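Chemist: Pasting a structure below so you can have a look.
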Amino acid sequence: MSEVREQIFSVSEITKSIKFILESTFEKISIEGEISNFKAHGSGHWYFNLKDEGAVINCTMWRGVNNYVFFSPEDGMKVTVTGRITVYPPRGSYQVDVRSMKPAGLGELQAAFERLKRKLFDEGLFDDEYKKQIPSYPKKIGLVTAADGAAIKDMISVAERRFPLTELVIAPTKVQGAGAAENIVENIKRLNHLTGIDVIILARGGGSIEDLWAFNEEIVARAIFNSKIPIITGVGHEVDFTIADFVSDLRAPTPSVAMELATPNIDDLKTFIKDSYSLSCELIEENLNNYKDEAEQFLQSYSYRFPLEKINKFNQTLDYEILKLKNLIEKKSTLLSNKINLLTSTLDSHNIEKSLKKGFALIKQNAKFVTRRENYNSNKPAVIKFFDGELEIK
Amino acid sequence: MSKKKSADSIEEKLKRLETITSTLEDSEITLEDSIELFEEGAKLSKECFSILEKAELKITTLKKDLDKINNQVED
């Protein structure tokens, strides 16, 4: 039989040995694998497995360390983790204490992007019916963007040039790296609590897919969707499309364009005012002329001329009647004057003096002419009146 | 008669201006109304223009702490 004396370990002793060997051998290792059973615990720690076709290994990533991961890990994602192996004696288990994590390749991010896009699309977050109207004349524009950098400078100068009537309310935001997504979400919410913000611009200048990753995070997409204020996104360059762009109310290819879409052009407004003014000048002139023409036409119309004619006709009749009356009066007066002449001449012919001149004489008694024999009183004196004097008879 | 006051926003003013021109275009309008509208429009154009000429961009920055947010809300 075997002469070799077998060494007997206690469980603790052997575990201690294993722990020493494993932890000293795998002090700093990188492992590539697919995430499964990912759990972000309330305490802030992450627990998950990495697996490939043949094996599984437990992983932990502590709060504070996992802050530096720029994306949200999820099941099925291929990642490369760096860390060390630790052994937990009470459970007799070993695990990877992950210090850093990154996607196994750009393809992984792309795949995560497509998965989230699909999911949110299916939920209806991109539907047109949820797109809010962008106001034409914003009084206040909220900016969720980095306080320094080209993007904000560009946006300010665009606002200054196009629509200086507005007020920019800047929420300085971390737009890149760990915690960026959370900060974006927080500032969208903060602006929603302010009064009078008409539109929010969520913007970031150009960068790599990793730089822009915060805009592909689910929490950002949901914050955009839940915002009561319409949001315009202007992230990266023309070619960059993020999840935020799909869910936002309006997507602009760059931050500058986002500001352009949010503001009317002051030059257009001035032109509009000038045009309106000159148009109304033309219109009022036209209107006045129309009324003038109408008035003139009216005056020249038959209905207006007719009463004049009638008056003229009436005048004519009146003139005629007056003439007739005049003739009549004239005729009558001639007749009368003739009669008067006749009478006058008759009277003339009876003139006593004329008879006396001819040689006739008149006899007067008691100062009265005696024209008949029977009236003569021979006892009384009489006077004979001759043409050339009177003779008394006693 | 319109009771438009200067307290209206530039948006409302511009809209009113548009309404005035389109009403003036309407041939049914009375002479009196059209003159009144024209006068209002002329005044409004002047007002809008001077607002646009005088405009200056205002920029405020939100502070990190929550007290400031509350102040901002009350503003």
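Chemist: Within the range A:68-75, identify whether any single residue is assigned by TED's automatic domain parsing to the domain that holds A:M259, crowded, with 19+ Cβ neighbours inside 10 Å and not charged (D, E, K, R), and answer yes or no.
Modeler: No, there is no match, as no residue in the range A:68-75 is assigned by TED's automatic domain parsing to the domain that holds A:M259, crowded, with 19+ Cβ neighbours inside 10 Å and not charged (D, E, K, R).
Chemist: Mind listing whichever residues of the range A:122-138 are touching a residue at least 24 places away in the same chain (Cβ under 8 Å) and either part of a helix (DSSP H, G or I) or within 14 Å of chain B (Cβ to nearest Cβ) (or both)? Show your work before the answer.
Modeler: Keep residues of the range A:122-138 that are touching a residue at least 24 places away in the same chain (Cβ under 8 Å), which gives A:125-126, A:130-138.
Answer for the range A:122-138, where residues must be touching a residue at least 24 places away in the same chain (Cβ under 8 Å) and either part of a helix (DSSP H, G or I) or within 14 Å of chain B (Cβ to nearest Cβ) (or both): A:Y130, A:Q133, A:I134, A:P135, A:S136, A:Y137, A:P138.
Chemist: Given A:P230, A:P255, A:P307, which one is farther than 30 Å from B:L37 by Cα, more than 10 Å from chain B (Cβ to nearest Cβ) and within 24 Å of the chain's Cα centre (by Cα)?
Modeler: Only one candidate passes the filter, namely A:P230.
Matching residues to (1) touching a Phe, Trp or Tyr at 6+ places or on another chain (Cβ under 8 Å); (2) modelled with pLDDT of 85 or more; (3) not hydroxyl-bearing (S, T, Y):
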site: B:T21; (1), (2), (3): no, yes, no
site: B:S27; (1), (2), (3): no, no, no
site: B:E36; (1), (2), (3): no, yes, yes
site: B:K63; (1), (2), (3): no, no, yes
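Chemist: Within the bounds of the range A:346-355, is there any residue that is surrounded by 10 or more Cβ atoms within 10 Å (Cβ to Cβ) and not in a helix (DSSP H, G or I)?
Modeler: yes
Chemist: Kindly evaluate A:D319 against the criterion of being of a type in the set (D, E, K, R), part of a helix (DSSP H, G or I) and within 14 Å of chain B (Cβ to nearest Cβ).
Modeler: So A:D319 fails the test.
Chemist: So, one more: Would it be correct to say that A:A111 is away from chain B (no Cβ under 14 Å) and either in contact with a strand residue (DSSP E or B) (Cβ under 7 Å, 6 or more places away or on another chain) or surrounded by 14 or more Cβ atoms within 10 Å (Cβ to Cβ) (or both)?
Modeler: The answer is yes for A:A111.
Chemist: Can you report the number of residues in the range A:275-300 which are under 24 Å from A:L165 (Cβ atoms), within 8 Å of chain B (Cβ to nearest Cβ) and not aromatic (F, W, Y)?
Modeler: So the answer is 3.
Chemist: Just one of A:V144, A:V185, A:V175, A:V158 is away from chain B (no Cβ under 14 Å) and modelled with pLDDT of 95 or more; which is it?
Modeler: Working: A:V144 fails: away from chain B (no Cβ under 14 Å); A:V175 fails: modelled with pLDDT of 95 or more; A:V158 fails: away from chain B (no Cβ under 14 Å).
Exactly one residue qualifies, and that residue is A:V185.
The values are calculated or read from the model by the stated rules, or taken from the named source; none is laboratory data. Predicted model only: the values in this text are computed from it and were never measured. Here Cβ is always computed from backbone atoms with ideal geometry, including for glycine, and neighbour counts include all displayed protein chains.
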